[in-house]
Structure formats: C-alpha cells, structure tokens
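Below is one structure; the comments refer to it alone.
The values are calculated or read from the model by the stated rules, or taken from the named source; none is laboratory data. Model, not experiment: these values are computed from the prediction. Cβ sites come from the backbone with ideal geometry, for glycine too, and all protein chains shown count toward neighbours.
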Amino acid sequence: MWSRLVSLGLRAPVGGRQGFTSKVDPQGSGRITVQVIEHLERLALVDFGSREAVARLEKAIAFADRLRAVDTDGVEPMESVLEDRCLYLRSDNVVEGNCADELLQNSHRVVEEYFVAPPGNISLPKLDEQEPFPHS
Amino acid sequence: MAAPMLRWVGRGRLWTFARVDGGSCHRRGAPTGSTSNRIRGQSSVAQQPLYTTQKPRKGEHKWAAVVGLEIHAQISSNSKLFSGSQVRFSAPPNSLVSFFDASLPGTLPVLNRRCVEAAVMTGLALNCHINKKSLFDRKHYFYADLPAGYQITQQRLPIAVNGSLTYGVCAGKKQSQVIPKTVRIKQIQLEQDSGKSLHDDLRSQTLIDLNRAGVGLLEVVLEPDLSCGEEAAAAVRELQLILQALGTSQANMAEGQLRVDANISVHHPGEPLGVRTEVKNLNSIRFLAKAIDYEIQRQIDELENGGEILNETRSFHHQLGCTMSMRDKEGKQDYRFMPEPNLPPLVLYDATSLPAGADPQQVINIDQIRETLPELPRVTRERLVQQYGMLLEHSFTLLNEVGLLEFFQNVIKETRAEPKKVTSWVLNTFLGYLKQQNLAVSESPVTPSALAELLDLLDSRTISSAAAKQVFEELWKGEGKTPGQIVSEKQLELMEDRGSLEQLCHSVMEAHPQVVMDLKEGNPRAINKLIGLVRKATQSRADPAMIKEILEKKLSS
C-alpha cells in the first residue's frame, strides 16, 4: 500500500469533490467536549456511559490522527478498497420478495402484516436528565 | 386530472406580485419593453385575495423570491434499486420485501442495471454531464421506515451534474404567449426510497410497510433559479412530461411517484439571500404553486413586520391553503455521510472507452443510450408546429392535457379536413366541453373517429359550421349515434338548391321592407340582419356566404 501511495504522488487532486469533514475536534487538541458526546449519543444512539468510554474515544481519535503525518498533497483519496473491482449490474428481474410471514416473525409486535413501531422518534433525554438504565 | 396547466395557474396569482418587484416573476425574460408595461398593468389589477395582507407602506423596498426544488422521481423498473423484489404501487403489506430490504444482517446491495440506464437517459435528456465514475454513500438517520438506519445515496459524486431544464410560462394579456425559461440542474443522483409509515394516533403507534423500501429514486436537484409558484409548477410539469416520454418514471404525483420539496427564501435584490425554509408534503402541481406563493408572501409579511425567518421545515396544508411548521425536537440533522463500503465505484463507458470483449450485460455505454433516446416533449412540440402549422401555445396545451395529443393524432389520421381545422376543433370545442364537465380525455363520450367523421362532413360542405356545432352537442350526449345519423335525423344538411334559397331570400326581403329600406339608404350593416333572418328561416342549413351573395345580388338588381 505504501509504494502505491508514493507512485500516485504526482497525480493532481480531483477538484470540486466534497470530502467528509471531521466535526469532532478540528484543532487536534485531543479533548472531546460534553456537547460533542451528547451530539454523538443522539445521532448514533450509542451510550458513552462512563468517563473511561470517552477516554477510549479520545485515544482512538489520536491514533487515527497519526495519519496526518503522511503528506497526501496531490494524492487522490481512496474511497473504497474495492475501487479496482467491477460493480456487478443485476438484470431487472423480480426474483425475491413474498416472504412477509418470515419477516414479520422478527418483529416484537405486528398488526395485520404491518410492523409496529412507536409513534415517531423518541429523543434521548439530556445528559443531566438521564437515569442509569441497564445495558442489555 | 391535470388542467391545461399553463393557462390555469397564471391567472389569479398576479395580485401576490403587486409587492414582489411589480411582477418580476413574469417580467424576467420578457422579449420587449412593451410587455413590461402590459404586465405592470396586470399586477395592479385587484383580484379577490385568498387571505389578508397589509397595504404596501411608502418607500418600501422591492422583494425578490428565490425557489430551489428537490424532486424525487420513482424509477419505473420491475425490481428495486439494490434487490430483486418487485416494484408495484399496491400490494399486501410487506409482501414485496426481500431480506435486504428488511435490512437483515448479512445481506448486501446488488445494483439494478435498469436503474442506472434510467439515470443516464434522464441525465442526457436534461443536458447533464454524465460522470463516468460515480460513488455511493450512506446517509444516516433513524426512522422506523428506514430499517437499515441509513439510506444509500450519491452525495459526493452523483451520476449526472450541470444540466438544464427548459420550460414555458404563459404570459401576455390573454395568457396566450409562451415564454421559454430555463432552470439549471445541479445534479441527478440514484438513491433508495424508504418504506411507508401509517400513523395510528389512537393507539399511539406507527404501522410500517416496507414494500416501498429500496425502490430506486432519481433525485433531481434544481438550482434556485425559480422565483415563484407558477415557474416552479411549469418546470415540474415539463420534467414530468420528459420523464414520461423517456419512460424512466411514470411521474404520477398523486401516486407518490413524483415528490417535490421546495426551498424558499426572500430578499431585497442586490442584498444577500435570506434564510430559507423547506416546504414538504406537496402532492400535486397545483398545490406546489399555491404552497410556494403562500410561503413567499408569509416570509415577506413576517420580515416586514420586523420578524425573522427560521431555517425550518414546513408542511403544506391544502385545505387551509397555508404552510405550517413541522418543528422537530431533534434540531438540525447531521447525516454523518460515509462511503458505502459494499459498493465499488460505478463506472460508465462511451464508444471510445468501451473495453474490447466486455460482457454487454455488465457495461453501460452512454453513447448507445443517447442514440436510443425517444422524442422529447420540446421536440414533439416543435414538430407539431412545423407539421400542422399550429401556434406554439397550442402545442403546449396538446401535451399538457393527458391523452389529448393521442386523441388529436387519431383524429388527424382519420379525417380529410385540414390540420388547422382539427387543431381548432380539438383545442376549442372538444377541450372546452371536457373542461366544462371536468372530464379527462379518457372519459370523453366523443371518440376520435366520431370527430373525424364530423370534420369530414364539414370539409365536404355537407353541413355548415353552425350545424356542425349542433351535431357535436348531440354526439356529446354519448347515445352512440354517428355524425351522419344525427345529420339526417335532424335534417341539418346544407341547402344545395340555390333556387329554393333564392326564394327564401326573396320572401324574407318582402317580410322586412324596413330593413331593406335601411340598407338601400346606405347602412351596410343592415345586411347582417337580413342574413340572420334568412339563416333562421333555413334553420342554419344554408351557407352564410351564399346567403350574402344572393341578397346582395337581389338588392343591387
């Protein structure tokens, strides 16, 4: 992989592409704020229950930040390790479906062949309102 | 049923623009200075307001509105975008769902070739640059009808970019002039549709049907070049016609195959753009125009009262004719876009780059698709104008009304009459009757053959045009009689016998000596009265031109 990066070194970057920007800690100081944790918990429905979990996150980010040491000027980003593979195109035929019974068995509650869900998203309570609840 | 769109929407909308730059929406692109005077006159006409607004204060700045549209068109295909389950409008709940659509662990997306072809065709028809390499991404958000927790879309590098859509807006005093306008297309991308939620407020639950989950969508993003509801409606209508002509989408808004979200903001010309709101839940072209115009006015009123516009999502309530905030507790969404790891880049080829010996099933050739594009609405209209000598406005009406073009062409096929006559009868008489009774072309009691036969009778001078109108009214009753039968039953044939016509003219002249005196004294218009009297006497069975000729001969003798 390293030799490949070197050989691509002189290629001009593709203009006008939207990259994914990092929302967490653009300065690189390594600290994650409470607001960011709350934001992540709401977005990903992940529970950072303890201070240790947050510390682990900070270590993971610091580990990934080491990539910045590499000079990637003029190198086209790799979007996918599959980039040399052909994307298989399927013919437009109906070959699946008709298994409502099987699928509905996965659902806790069912009403007349419909899955049952709560009436809209239930937002996560704020950090200070949270009660400790059991992890299943 | 779609009304002849261009004619309907324009009327009654003008008063809202009394305060929006004096009708800039219509003035933009006007060919000569004289039209702007006409339009200015129009916008000061007081129309019946739909809701109250304040009178404009003195020294007020003008407002300009900016409208951007995001259009989702369901791709017309047999199976879904990434799975082999069927695409169908109605079916038992969750019966058209595969394991992948239900997002069961271990399932993977497999791209449908037909959907890619549909995207390329649409991109080419809209003058886009087709990206030979495009990428798929995941857009994450939680909702019960999105079982995977993310939607596969093309955010970074979509399949087509930088196109244009040309549409026509009615203007001029009688809404009879068509002004061409263009809106730029930012991009076209392939993405998955979500399932359907049925809200059961009574039991505080939502019922989820995943039949629609995974169906292929084309998202067409328009640049904010539009400035009012009428333009937006016309642009969407044209896009609908294009998609239907291509066969890439049936684009039926009522069935949810075409969904439009509008981003609307207002500002003073020359100043930076204002805060925009997003308006959703627009399920017909008529409501689209209404909602946009309402929202523009609401924003203007709010700002003029010293309020501010929030960057929020609003829903259009058509019974009340207004938009209302859909304020979400979640706040602004963060979709955490990431590349779809299960799909390599989508690579398309053209004639020059096509790899030799490639499996044709596995490669898509843009040039080949371009060659097989069907006739687009714009070209159809031009052809109609060239071939049949009709006005451009007429061609718009023919295409805008569902089934009307086919009806017209069927009549042309079967009749000897001149195309201009056919155009006039179809667009004025036939369409007029349809509109009066609010019928679609498919519900018409008059068939193309019947109208063709009627026009033949008229063309061969078997009946007069007044008689023809009578026959048409009879035909409309749908009693199954042919025009020929009606003509003989009601004895509407043109009087061939010149002799008896001369006698009739003579007797009419004798019965009305005062009118004859009038004429002889030099009032030329009195002859029309005589002609009218003779016509009545003949029960409209005589050719008015012949009547006039005979009368004039008699009077001069």
Residues that are more than 30 Å from residue B:210 (Cα to Cα) and among the hydroxyl-bearing types (Ser, Thr, Tyr), drawn from segment A:43-100
A:50, A:72
Strands (runs of 3 or more DSSP E) within segment B:223-322 that include 3 or more residues without any contact (Cβ under 8 Å) to a residue 60 or more places away in the chain:
B:277-282, B:313-317
Any idea which of A:102, A:58, A:52, A:79 is of a type in the set (D, E, K, R) and under 30 Å from residue B:360 (Cα atoms)?
A:79
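Tell me, which strands (runs of 3 or more DSSP E) wholly within segment B:61-173 include 1 or more residues that are within 14 Å of chain A (Cβ to nearest Cβ), buried (at least 19 other Cβ atoms within 10 Å of the Cβ) and free of Cβ contacts under 8 Å to residues at least 40 places away in the same chain?
On the way: elements: B:64-74, B:137-140, B:150-153, B:160-171.
Answer list for segment B:61-173: B:150-153, B:160-171.
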Restricting segment B:463-503 to residues that are among the β-branched types (Val, Ile, Thr) and touching a residue at least 24 places away in the same chain (Cβ under 8 Å), which is nearest to residue B:546 (Cα to Cα)?
B:463
For segment B:404-419, does any single residue satisfy the condition of being loosely packed, with under 15 Cβ neighbours inside 10 Å and among the aliphatic types (A, V, I, L, M)?
no
Just to be sure I understand, how many residues within segment B:196-228 are modelled with pLDDT under 95 and on the phi > 0 side of the Ramachandran plot?
1
Restricted to segment A:18-37, and to residues that are within 14 Å of another protein chain (Cβ to nearest Cβ) and either touching a Lys or Arg at 6+ places or on another chain (Cβ under 7 Å) or modelled with pLDDT under 80 (or both), which residue is nearest to residue B:334 (Cα to Cα)?
A:23
Give segment B:347-363 a look and list any residue that's farther than 17 Å from residue A:91 by Cα and touching a Lys or Arg at 6+ places or on another chain (Cβ under 9 Å), or say none.
B:349, B:350, B:353
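Going by the structure shown, is residue B:545 outside the structural domain of residue B:411 (by the TED database), under 46 Å from the mean Cα position of the chain (by Cα), without any contact (Cβ under 8 Å) to a residue 24 or more places away in the chain and in a helix (DSSP H, G or I)?
On the way: outside the structural domain of residue B:411 (by the TED database): yes; under 46 Å from the mean Cα position of the chain (by Cα): yes; without any contact (Cβ under 8 Å) to a residue 24 or more places away in the chain: yes; in a helix (DSSP H, G or I): yes.
Answer is yes for this residue.
State the number of residues belonging to segment A:81-117 that are closer than 27 Å to residue B:204 by Cα, assigned to a loop (DSSP other than H, G, I, E, B) and more than 7 Å from chain B (Cβ to nearest Cβ).
Let us first name the residues in segment A:81-117 that are closer than 27 Å to residue B:204 by Cα, namely A:100-117.
Right, trim to assigned to a loop (DSSP other than H, G, I, E, B) and you get A:105-109, A:112-113.
Now narrow it down to the ones that are more than 7 Å from chain B (Cβ to nearest Cβ): A:105-109, A:112.
Total meeting the criteria: 6.
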List the number of the failed condition for residue A:90; all other conditions in (1) touching a strand residue (DSSP E or B) at 6+ places or on another chain (Cβ under 6 Å); (2) at pLDDT below 85; (3) not aliphatic (A, V, I, L, M) hold.
(2)
Selected residue (criterion: farthest from the other protein chains (Cβ to nearest Cβ)) from residues of segment A:61-80 that are out of contact with any Gly (no Cβ under 9 Å at 6 or more places or on another chain) and exposed (fewer than 11 other Cβ atoms within 10 Å of the Cβ):
A:69
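Considering B:352, B:323, B:313, which residue is among the polar types (S, T, N, Q) and not assigned by the TED database to the domain that holds residue B:125?
Numbers: B:323 fails: not assigned by the TED database to the domain that holds residue B:125; B:313 fails: not assigned by the TED database to the domain that holds residue B:125.
Being among the polar types (S, T, N, Q) and not assigned by the TED database to the domain that holds residue B:125 holds for just one of B:352, B:323, B:313, which is B:352.
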